[in-house]
1. May I ask you to list the residues in segment 64-90 that are in a helix (DSSP H, G or I), in contact with a strand residue (DSSP E or B) (Cβ under 6 Å, 6 or more places away or on another chain) and under 17 Å from Met104 (Cβ atoms)?
2. Those residues that are within 24 Å of Arg112 (Cβ to Cβ) and buried (at least 20 other Cβ atoms within 10 Å of the Cβ), I need them from segment 51-76; list them, please.
3. Within the group His61, His97, His119, which residue is assigned to a loop (DSSP other than H, G, I, E, B), touching a residue at least 40 places away in the same chain (Cβ under 8 Å), in contact with a strand residue (DSSP E or B) (Cβ under 6 Å, 6 or more places away or on another chain) and not β-branched (Val, Ile, Thr)?
4. From the list Ala116, Ala142, Ala88, exactly one residue is under 12 Å from the mean Cα position of the chain (by Cα) and of a type outside the set (S, T, N, Q). Which is it?
5. Given the criteria modelled with pLDDT under 90 and of a type outside the set (D, E, K, R), does His77 qualify?
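The values are calculated or read from the model by the stated rules, or taken from the named source; none is laboratory data. Bear in mind the structure is a predicted one, so any value in this text is a computation, not a measurement. As a convention, Cβ positions derive from the backbone with ideal geometry for all residues, glycine included, and neighbour counts pool all protein chains shown.
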Amino acid sequence: MTPKAQPVQSRGRITRVRPAGTDHQVITVEGGRQGYCKKPCADCPWRKDAVGQFPSEAFRHSAPTAYDMSDRVFACHTAGAERTKACAGFLLSGATHNLAVRLMHMRGELDRGVTAGGHELFASYREMAIANGVDPDDPVLAPCR
């Protein structure tokens, strides 16, 4: 179910859409990043109090964002594909080894205004994915930091 590349505003394009359960999908958008969220959304998957909001398949699809030196960014699901933004939870807990985020820091595209908003976040992508139903032995999690 890979659609034809579509423009997202003027700079990004949807390059892949994968179903994740009956009511969810994981969308890959290349280019067009328009910033980042300052705090996790109410149902941010990085929040420990939001477990179960998304099917485990969504976490399997998004695991490469947590691989060492990944050039993929875990985006905010609330912002959507039309206005992609890096997820605050990801920036706080899952982006330490992410190449794309390191480059954003180097270019001055991120400031220190990101906060957990008083919410407890998962310490790693792996921890978050397992809490949301991904098997700890699933090979997709092996490269996660």
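1. Listed by number, the residues that qualify are Ala66, Gly89.
2. Once the filter is applied, which keeps residues that are within 24 Å of Arg112 (Cβ to Cβ) and buried (at least 20 other Cβ atoms within 10 Å of the Cβ), segment 51-76 yields Thr65, Ala66, Ser70, Val73, Phe74, Ala75, Cys76.
3. Values: His61 fails: assigned to a loop (DSSP other than H, G, I, E, B); His97 fails: in contact with a strand residue (DSSP E or B) (Cβ under 6 Å, 6 or more places away or on another chain).
Only one candidate qualifies: His119.
4. Working: Ala116 fails: under 12 Å from the mean Cα position of the chain (by Cα); Ala142 fails: under 12 Å from the mean Cα position of the chain (by Cα).
Testing whether each residue is under 12 Å from the mean Cα position of the chain (by Cα) and of a type outside the set (S, T, N, Q) leaves just Ala88.
5. Numbers: modelled with pLDDT under 90: yes; of a type outside the set (D, E, K, R): yes.
Yes: the conditions hold for His77.
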